[in-house]
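*Asks:* Let me begin by handing over the structure; questions about it come next.
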Amino acid sequence: MTERAESLDYDRFDISPDHGFLPDTEPLTSFGKTTRSHLQSLDELGENLPRLLEDDRLRTAVEDLEAPAPRVFDALTERELMRVYSVSGFLANAYVQKPDAPTAEAIPAGVAVPLYESTKRLGCTPVLSYDAYVLHNWTRIDADGAMTPPNIDSITNFFEPRDERWFIAIHVAIESAAGPAIAAIGEAQQGILEDAPKRVKRALRTIDDALRDITDTLDRMPERNDPERYGRGFRPYLKSLTSVEYEGVAELDGPRSYRGASGAQSSLFQAFDAALGIDHGDNPLVSHLNVLRGDMPPGHRAFIEAVEDGPNVRDYAENGDESLRKTYNDCIDRMVTFRDHHIEIVETYLTKPLDEQKGTGGTPYGRYLGSFTDDTQNSKLSSPSG
């Protein structure tokens, strides 16, 4: 485990120095048989969600679900609230976003109330976002095995075939592989505060290694996730909710609109950009990503802001020796490689098969992803004589 830096208190940000933005304790896979009947009903609907959608029984099942009293949620632990959030978020999206049918105009109270009450207590947006779809929706097949895609299974899914499980597993594995790098951000900034270039250099090497592992994991996406099954099978359920009523929730008066679950809601690369001092200027994608911070868990959002406010690694490396500059540039090269590979994935899964220019969270990636790569490349430091 990387030594914690004094400048970034990871406990305060709800971040694991080992697993980054993933929880240290695995998410709940069920509430158990001795819990309240409503939570048992959520378990049952979540477990059977793909079959209910396939048989066109989901909307009826959700409409039959009774709404619990808000006080029920006061006694739940954070892990239990996350389980409520994840399952009710899946059910809400599945109910509203029915393919080949009119979009529902309201979420029944039996799902709307637990979704709202759980997210209110967690400080999250009341819709299925990346944190509920990925960060708290996984389990290891072999409990003692590594956090690699073949050993990760999702807990709740829209889609019966393996493709969606693999899609989630890839994202979970990426988040896990990034853990040492997230811890190293604090190490690098603390090294700057202490004017300890060797400490900064070690931290940058850790980030470099993690970025390599992240890219290798991303490249495995096509192994078990067919672009057609992604685009037509489960992606439609991840789209934004637009002008939808939350029945039984007095605090949400009138139709509400929320962004869909999206990888752009991950805190990883906003944290890396902040840590490495990569400036993307001002464009629609930057503005949208700043908006998406509102969908991140509060602690993760605060972490990015703390990194932005901390010592500037790029400035420190620029004024350092040639070895430190090279180590910084190695990280930039890794970031460029990841972003190039990410563009290839986007083209494979969205641009070519679906001819789409926006992500499920409304992210206007289009030509701006390429500009992000250019911005990253332009962050490289020249040699003192260059």
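*Asks:* Relative contact order for the chain: what is it in percent, counting Cα pairs under 8 Å that are at least 6 residues apart?
*Replies:* The normalised contact order for the chain reaches 19 percent.
*Asks:* Any chance you could check the Cα centroid distance between the stretch 177-227 and the stretch 121-165 for me, in angstrom?
*Replies:* 22 Å
*Asks:* Let me check I've understood the local charge: for Thr25, count other residues with C-beta under 13 angstrom from its C-beta, Lys and Arg +1, Asp and Glu -1. What total comes out?
*Replies:* Cβ neighbours under 13 Å give a net charge of -3.
*Asks:* Just to verify a number: FRET efficiency for Thr77 and Ser383, C-beta to C-beta distance, R0 = 35 Å, to 0.05?
*Replies:* 0.05
*Asks:* So how far apart, in nm, are the two label points at Asp279 and Asp321 if each is 7 Å from Cα heading toward Cβ?
*Replies:* With each label placed 7 Å out from Cα toward Cβ, I get 2.9 nm.
*Asks:* Here is a follow-up. I need the shape label for the stretch 23-62. Rule: rounded when a/c is under 1.5, else prolate if a/b > b/c, else oblate, with a, b, c from the alpha carbon gyration tensor.
*Replies:* oblate
*Asks:* Using the Karplus curve 6.51 cos²θ - 1.76 cosθ + 1.60 with θ = phi - 60°, work out ³J(HN,Hα) for each residue of the stretch 20-30 in order, rounded to whole Hz, and write x for Gly and Pro.
*Replies:* Rounded to whole hertz, the list is x, 7, 7, x, 5, 9, 4, x, 5, 8, 6.
*Asks:* Which residues' amide hydrogens lie under 5 Å from the amide hydrogen of Ile152, considering only partners 5 or more residues apart or on another chain, with H built in the peptide plane?
*Replies:* Sorted by chain and number, the residues that satisfy this are Ile141.
*Asks:* Quick one: which residues, 5+ away or cross-chain, put their amide H under 5 Å from the amide H of Val249? H built at 1.01 Å from N.
*Replies:* The list, which skips near neighbours in sequence, is empty: none.
*Asks:* Would you mind getting me the FRET efficiency between Thr348 and Arg212? Use the beta-carbon distance for r and R0 = 25 Å, nearest 0.05.
*Replies:* On the way: r = 21 Å, r/R0 = 0.84.
E(calc), rounded to 0.05, equals 0.75.
*Asks:* Still on this model: So what J values fall out for the stretch 111-116 if you push phi through Karplus, 6.51 cos²θ - 1.76 cosθ + 1.60 with θ = phi - 60°, rounded to Hz, Gly and Pro as x?
*Replies:* Karplus-based 3J(HN,Hα) across the stretch 111-116 equals 10, 4, 5, x, 5, 5 Hz.
*Asks:* I've got another one for you. For the chain, what are Rg and Dmax over the alpha carbons, in angstrom?
*Replies:* Reported Rg and Dmax, both Å: 21.3, 72.
*Asks:* With springs only between Cα atoms under 10 Å, which of Asp273, Asp55, Asp43 fluctuates most in a Gaussian network model of the chain?
*Replies:* Its mean-square fluctuation being the largest, the pick is Asp55.
*Asks:* Going by average Cβ density within 10 Å per residue, which order do the peptides 250-259, 193-202 take, highest to lowest?
*Replies:* Highest-to-lowest ranking by the protection proxy: 193-202, 250-259.
*Asks:* For the peptides 302-313, 110-121, what is the packing order when you average, over each peptide's residues, the other Cβ atoms within 10 Å and list the highest mean first? Can you show the working numbers first?
*Replies:* Working: 302-313: 18.4, 110-121: 24.2.
Answer by packing, highest mean first, reads 110-121, 302-313.
*Asks:* Also, quick follow-up: For the stretch 156-210, build the charge dipole from Cβ charges (+1 Lys, Arg; -1 Asp, Glu) around the Cα centre, then report which of Thr156, Ser176, Leu204 sits farthest towards its positive end.
*Replies:* Positive-end residue among those listed: Leu204.
*Asks:* Any idea what the dipole of the stretch 37-378 comes to, in debye rounded to 20, about its Cα centre with Lys/Arg Cβ at +1 and Asp/Glu Cβ at -1?
*Replies:* Charge dipole, the stretch 37-378, about its Cα centre: 120 debye, nearest 20.
*Asks:* Related question: Which of the peptides 242-249, 26-33 is most tightly packed, and how do the rest follow, judged by the mean count of other Cβ atoms within 10 Å per residue?
*Replies:* Descending packing order for the listed peptides: 242-249, 26-33.
*Asks:* Among residues other than Ser129 whose Cβ falls under 9 Å from its Cβ, what is the net charge (Lys/Arg +1, Asp/Glu -1)?
*Replies:* So the surrounding residues net to -1.
*Asks:* Could you run the Karplus curve 6.51 cos²θ - 1.76 cosθ + 1.60 with θ = phi - 60° over the stretch 302-319 and give me ³J(HN,Hα) per residue in whole Hz, x for Gly and Pro?
*Replies:* 5, 4, 4, 5, 5, 5, 4, 7, x, x, 8, 5, 5, 4, 5, 5, 4, 9
*Asks:* Further question: Select from the stretch 1-102 those GluC sites (Glu not before Pro) which occupy a DSSP coil region and have at most 14 other Cβ atoms within 10 Å, ordered by residue number.
*Replies:* Numbers: sites: Glu3, Glu6, Glu44, Glu47, Glu54, Glu63, Glu66, Glu78, Glu80; in loops: Glu3, Glu6, Glu66.
Answer in residue order: Glu3, Glu6, Glu66.
*Asks:* 7 Å from Cα along Cα→Cβ at both Asp340 and Glu194: what's the point-to-point distance in nm?
*Replies:* Between Asp340 and Glu194, the label points sit 3.6 nm apart.
*Asks:* Roughly what would the spin-label model give for Thr103 and Ser243, points 7 Å off Cα along C-beta, in nm?
*Replies:* Those two pseudo-labels are separated by 0.9 nm.
The numbers here are math on the coordinates, done by the rules we state, and not lab data. Quantities reported herein were computed from a predicted structural model and do not represent experimental measurements. Glycine gets a Cβ as well: all are built from the backbone with ideal geometry, and neighbour counts include every protein chain shown.
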